[in-house]
Amino acid sequence: MGRVVLIRSVCQHIGTRLEDRIGEGVGCCEDLEKGEICKRLGWKTAHVPTLRLQHVMSARRLTPEYIDDLTCAAILTGPWLRLIAGGESRAATWHSMLAFCDWCRSLKYRLLSIVPSLMHPKLKRAPFWRRFYKARANGYLSLVSDHHRIAAIMQAIDNSAPLLKPSEKNIVLMSGFPERAEKANPA
């Protein structure tokens, strides 16, 4: 209950950039984005080894082609997730330079994919690596092109309402037992 209330509040008051997977699409990492926003707000995360999740997937989502598509979709979101986690520079020139380097790598693998894989067995995966580096380059370029929206999200995080930040009262309110809030934080 608490996690749902927190994530809903993040979506309503701050907003997100990544979209959930819809149908057969390969949208991904939106849960990581929401988690990183919560960590920036001051919430703690924990590893719970006894927690188990059963994930039901169609057979198509277990194919090597789908895994490659999902990997490229995740790589596309990587620069944004690093930025929101505080591990990436906000400078547009830096993102443009990184995008250029990845576009060059993508071009290299595009050229290598022309070589028949029979001549060199390791080149069989060259088309995947071309897509991989192209996706990462697009991820960096999206930080440059979407800088107004990114700035608004970062400002919303920095200036977020106290209700979104961890406190004893908020933890109790989000637990689904608001009657405990009076005892936790008498006004």
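Annotations
- For the stretch 23-79, the set of residues classified as closer than 30 Å to Leu163 by Cα, touching a residue at least 60 places away in the same chain (Cβ under 8 Å) and surrounded by 10 or more Cβ atoms within 10 Å (Cβ to Cβ) consists of Ile37, Arg40, Leu41, Gly42, Trp43, Thr77, Gly78, Pro79, listed by residue number.
- Taking the stretch 1-46 as the range and being in a loop (DSSP other than H, G, I, E, B) and among the β-branched types (Val, Ile, Thr) as the test, the residues that pass are Ile14, Thr16, Ile22, Val26, Thr45.
- Leu98 being within 30 Å of Ala152 (Cβ to Cβ), surrounded by 17 or more Cβ atoms within 10 Å (Cβ to Cβ) and more than 18 Å from the chain's Cα centre (by Cα): yes
- Filter result (loosely packed, with under 14 Cβ neighbours inside 10 Å, in a helix (DSSP H, G or I) and among the aliphatic types (A, V, I, L, M)) within the stretch 108-127: Leu111
- The listed residues are Ala181, Ala137, Ala151, and the only one of them that is of a type in the set (A, V, I, L, M), in a helix (DSSP H, G or I) and at pLDDT 90 or above turns out to be Ala137.
The values are calculated or read from the model by the stated rules, or taken from the named source; none is laboratory data. Keep in mind that this is a model prediction, so the values were computed, not measured. So basically every Cβ, Gly included, is an ideal-geometry build from the backbone, and we count neighbours across all protein chains shown.
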